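A.B. asks: Let me begin by handing over the structure; questions about it come next.
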Amino acid sequence: MSHETQIILDRVVLVKVDANIYGARKKLKKEDLVLADGSKLPPEDLASLGSKRLLDPDKLTVFNRLKKEAERICLRVGTRFLGGFAVPVESAASITAELERIGLDFAAAKTEFIAGYDAAVTDWVVRHPEFADIIEQAVDSVEFVSTRLSFDFLVVSVGLPESLPPADVARLDSKIGSLSEQMFYEISVEANHLIEQSLLGKEQVTRSALRPIRRMRDKLDGLGFLDYRVAPVVSTIDDLLARIPTKGAIEGSILQEILATAMLLSDPDKTRRHGEGLLVNQTPVVEEMDADEIIDYAEPEPPTPIISETDSDSPDFTDLFDGIFDDELEAESAADIWAIEVLLDKSQTDLKTGNDNDESNQSEHSAEPETVTAGSNDEADDSDQDYWF
């Protein structure tokens, strides 16, 4: 196992959610169908029959809702991994508490469902009297149904025994290496949902539109050790949240910046390139760190920091987005071009209103591109700030 893989495994736990939900369905049989004279069913190698419901599916909605809620809780701070969720160790206690609450809600819903099971089946038969026979013949006993409704979860640490073949070790290294890709994909899904549901076509929004932005920010911050390009992206979001007015509706230029940021996050590749581009333009900070806490990323190779000799009184932010929107890359849509203009316009506005301390502010969130410090508190100070008003 590589050193990088071991460090990541030390920073996460695997949360497995095990929710079993009774389907209330049975396979539809040929004898269940009444065919017209001369009609016949296709052979089984050509087509297969579907299923029949044994009761109103709405009766099972509560169980599906609780299962999805448990998954959302895990995805709020973690990312999908090995059939479960890789969650930062420091978030394990809070996740466990919420999953225990869902377990209690699931048990209460199960008790209520079992108590009304017979009545639910009878109601279904009454609603479909012409098919009463095929429903009643397939009904399961209440005891069987009880065994098909359960909710549980497991929190474990992931590791490999030393005796495993090199091929298995390489397989785990590959899985760990794909965690950051999965994380950026999940962020893009939520960002796209925010754009479609809350931002597009709106001249103003309420503060509820900030909740998804804050969730994405916290998830990236908590899983920042997975990818060296995450920290500058978090800093970008922090800067945006800090400038949102404390009162009134969100509108005008700040709303356009929120939309532009959401559009950036909705594209995993652009998000990574944005973080990488910001790192290129930051002055590297040398700190004394324990060798065991340093992750050296070999794939992909992070860019070599560039230190430009410029007049400190005249900082240049025109290359702020180098590496994210390269000249040779054409914008994929008019919306992409517009988002670039908004973000670049913001950087030029900052240039005009800046002062002699701009140079120190530019390196305030600087990071070492080649390494990520596991357990560093540099970003933790920012994450404690409350941007909700």
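A.B. asks: Looking at Ile135, is it open to solvent by less than 40 Å² (accessible area, probe 1.4 Å) and over 30 Å from Leu104 (Cα atoms)?
C.D. replies: For Ile135, the condition - open to solvent by less than 40 Å² (accessible area, probe 1.4 Å) and over 30 Å from Leu104 (Cα atoms) - is met.
A.B. asks: Let me ask something else about it. Report, by residue number, each residue of the stretch 225-267 that is open to solvent by less than 30 Å² (accessible area, probe 1.4 Å), closer than 29 Å to Glu181 by Cβ and not in a helix (DSSP H, G or I).
C.D. replies: Asp227, Tyr228, Arg229, Ser266
A.B. asks: Same structure again: Looking at Val13, is it modelled with pLDDT of 70 or more, in contact with a Lys or Arg (Cβ under 9 Å, 6 or more places away or on another chain) and in a strand (DSSP E or B)?
C.D. replies: No.
Here's the yes/no breakdown for (1) open to solvent by less than 60 Å² (accessible area, probe 1.4 Å); (2) more than 30 Å from Ala120 (Cβ to Cβ); (3) at pLDDT 95 or above:
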site: Met1; (1), (2), (3): no, yes, no
site: Thr5; (1), (2), (3): yes, yes, no
site: Gly23; (1), (2), (3): yes, no, no
site: Leu49; (1), (2), (3): yes, no, no
site: Lys52; (1), (2), (3): yes, no, no
site: Ala70; (1), (2), (3): yes, no, yes
site: Leu82; (1), (2), (3): no, yes, no
site: Ser91; (1), (2), (3): yes, yes, no
site: Leu99; (1), (2), (3): yes, no, yes
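A.B. asks: Only one of (1) touching a strand residue (DSSP E or B) at 6+ places or on another chain (Cβ under 8 Å); (2) in a helix (DSSP H, G or I) is not met by Lys59, so which one is it?
C.D. replies: The one condition Lys59 does not meet is (1).
A.B. asks: Moving to a separate point now. What do you reckon, is Leu200 open to solvent by 60 Å² or more (accessible area, probe 1.4 Å) and under 26 Å from Thr246 (Cβ atoms)?
C.D. replies: Taking the combined requirement at face value, the residue satisfies it.
A.B. asks: Among (1) open to solvent by less than 10 Å² (accessible area, probe 1.4 Å); (2) farther than 20 Å from Glu186 by Cβ, there is one condition Leu220 misses while meeting the rest; what is its number?
C.D. replies: It fails just one condition, (2).
A.B. asks: Looking for something in a helix (DSSP H, G or I), open to solvent by 40 Å² or more (accessible area, probe 1.4 Å) and in contact (Cβ under 8 Å) with a residue 12 or more places away in the chain - is there at least one such residue anywhere in the stretch 184-191?
C.D. replies: Yes, there is a match, as at least one residue in the stretch 184-191 is in a helix (DSSP H, G or I), open to solvent by 40 Å² or more (accessible area, probe 1.4 Å) and in contact (Cβ under 8 Å) with a residue 12 or more places away in the chain.
A.B. asks: Do any residues in the stretch 97-115 that are under 17 Å from Arg148 (Cβ atoms) have Cβ atoms under 6 Å from those of residues that are among the polar types (S, T, N, Q), where the two are at least six apart or on different chains, and which pairs are they?
C.D. replies: As it stands, the answer is Ile114/Ser146, since those pairs meet every condition given.
A.B. asks: Continuing with the same structure: For the stretch 112-181, give me every one of the helices (runs of 4 or more DSSP H) that falls completely inside it and has 1 or more residues that are at pLDDT below 85 and under 30 Å from Ile7 (Cβ atoms).
C.D. replies: 166-177
The values are calculated or read from the model by the stated rules, or taken from the named source; none is laboratory data. Note that the coordinates shown come from a computational prediction; the quantities given were computed from them, not determined experimentally. Positions of Cβ are backbone-derived with ideal geometry, glycine not excepted, and every protein chain shown enters the neighbour counts. What goes into the accessible areas is simple: the full protein's heavy atoms, side chains included, and nothing from ligands, DNA or RNA. Shrake-Rupley method; radii C 1.70, N 1.55, O 1.52, S 1.80 Å.
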